Structure formats: C-alpha cells, structure tokens
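Visitor: This is the structure I want to talk about, given as structure tokens.
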Amino acid sequence: MAANDTLRVIPLVLNTLVAADITTSYLAIGIPSTSPVRLLQVYNGTDALIYFSDDGINNKWVLPSNAIQVMDFTTNRTVSADGLFMQLGTVVYGKYSGTPPTTGAVYVTYWCGAPTN
C-alpha cells in the first residue's frame, strides 16, 4: 500500500437539534454531509426516546435517552479499496413519538476520510 492510499478520519461540523425543536414529524439535524460518510456518530442527549431516519419519512433506528451510537461503515479501508459509505449529502433526521423531550439535544457528527498527505 502506498502512503498516499491511506486515509485519516476527520469529523465534520457538529449538527445539533435541541429538545424544544424536536416534534412528532421528522426534522433535519443540522446540515447535509459535505463528503461521503465513513462513520456516523449519533448521541441522544434528551430525556426522551428519539427516532432517526436518513430519508425523513421512515423510522430507521431509535435511541433511548442519553444513548450514543457509532456506525462504522469502512473499517480498515483505503482510498483505493472498495468500501461502504453513506453518500455525500447525507442528512440525519430526528423525531419523537409518545413523550416529548423537555431537556437536552440530539447531536450528529459525520466522520469522513481525508488523505494523510
């Protein structure tokens, strides 16, 4: 493997949706990713169960209060290797169902690959 085939993982800007803004309809949590996503980090820092989606329509996963999830799509991959990614422009959406959150926020960080040189 050539040195220029290696990647480092960097976080993009932190995306936040505060509890007071979360509704029973899906809302975008921050801005779309500006690179293909290698790791997705989602933290539910609210006091409620939060549903998440990548299409803003369908429930895809759920996190209880004060839980974190990290999805690693491309462990041990290089620039030239095939790998799984969430596409550029990915948006994560959040909503509640049942008891509304009253405190905290949900946070999403997209981690992307960048050349080491």
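Visitor: From the set of residues in the range 23-62 that are under 11 Å from the mean Cα position of the chain (by Cα) and in a loop (DSSP other than H, G, I, E, B), which is modelled with the lowest pLDDT?
Guide: Checked the range 23-62; the qualifying residue modelled with the lowest pLDDT is Arg38.
Visitor: Can you name every residue in the range 1-12 that is modelled with pLDDT of 90 or more and surrounded by fewer than 12 Cβ atoms within 10 Å (Cβ to Cβ)?
Guide: Result: Pro11, single match.
Visitor: Looking only at the range 63-73, which residues are at pLDDT below 95, outside any loop (DSSP other than H, G, I, E, B) and of a type outside the set (D, E, K, R)?
Guide: Result: Val70, Met71.
Visitor: State which residue pairs qualify: first residue assigned to a strand (DSSP E or B) and inside the range 97-115, second residue among the hydroxyl-bearing types (Ser, Thr, Tyr) in any location, beta carbons under 6 Å apart, and separation of 6 or more residues or different chains.
Guide: Ala105/Thr16; Tyr107/Thr16; Tyr107/Tyr43; Tyr110/Ser33; Cys112/Ser35
Visitor: Would you be able to tell me the number of residues in the range 101-113 that are within 13 Å of Leu27 (Cβ to Cβ) and out of contact with any helix residue (DSSP H, G or I) (no Cβ under 7 Å at 6 or more places or on another chain)?
Guide: 2
Visitor: If we scan the range 73-87, do we find a residue that is among the acidic types (Asp, Glu), closer than 25 Å to Leu7 by Cα and out of contact with any helix residue (DSSP H, G or I) (no Cβ under 7 Å at 6 or more places or on another chain)?
Guide: Yes, the range 73-87 contains at least one residue that is among the acidic types (Asp, Glu), closer than 25 Å to Leu7 by Cα and out of contact with any helix residue (DSSP H, G or I) (no Cβ under 7 Å at 6 or more places or on another chain).
Visitor: Across the range 35-67, what is the number of residues that are buried (at least 18 other Cβ atoms within 10 Å of the Cβ) and touching an Asp or Glu at 6+ places or on another chain (Cβ under 6 Å)?
Guide: Residues in the range 35-67 being buried (at least 18 other Cβ atoms within 10 Å of the Cβ) and touching an Asp or Glu at 6+ places or on another chain (Cβ under 6 Å): 1 in total.
Visitor: For a quick check of your reading of the model, give me the residue pairs whose first member lies in the range 32-52 and is farther than 18 Å from Met86 by Cα, whose second is among the basic types (Lys, Arg) and modelled with pLDDT of 95 or more, with beta-carbon atoms closer than 7 Å and at least 6 apart or on different chains.
Guide: Tyr51/Lys95
Visitor: Test Ala48 against the stated conditions and say whether it is closer than 22 Å to Trp111 by Cβ and aliphatic (A, V, I, L, M).
Guide: No: the conditions fail for Ala48.
The values are calculated or read from the model by the stated rules, or taken from the named source; none is laboratory data. Because the structure is predicted, anything quoted here is derived from the model rather than measured. FYI the Cβ positions are ideal-geometry reconstructions off the backbone, even for glycines, and counts take in every protein chain you see.
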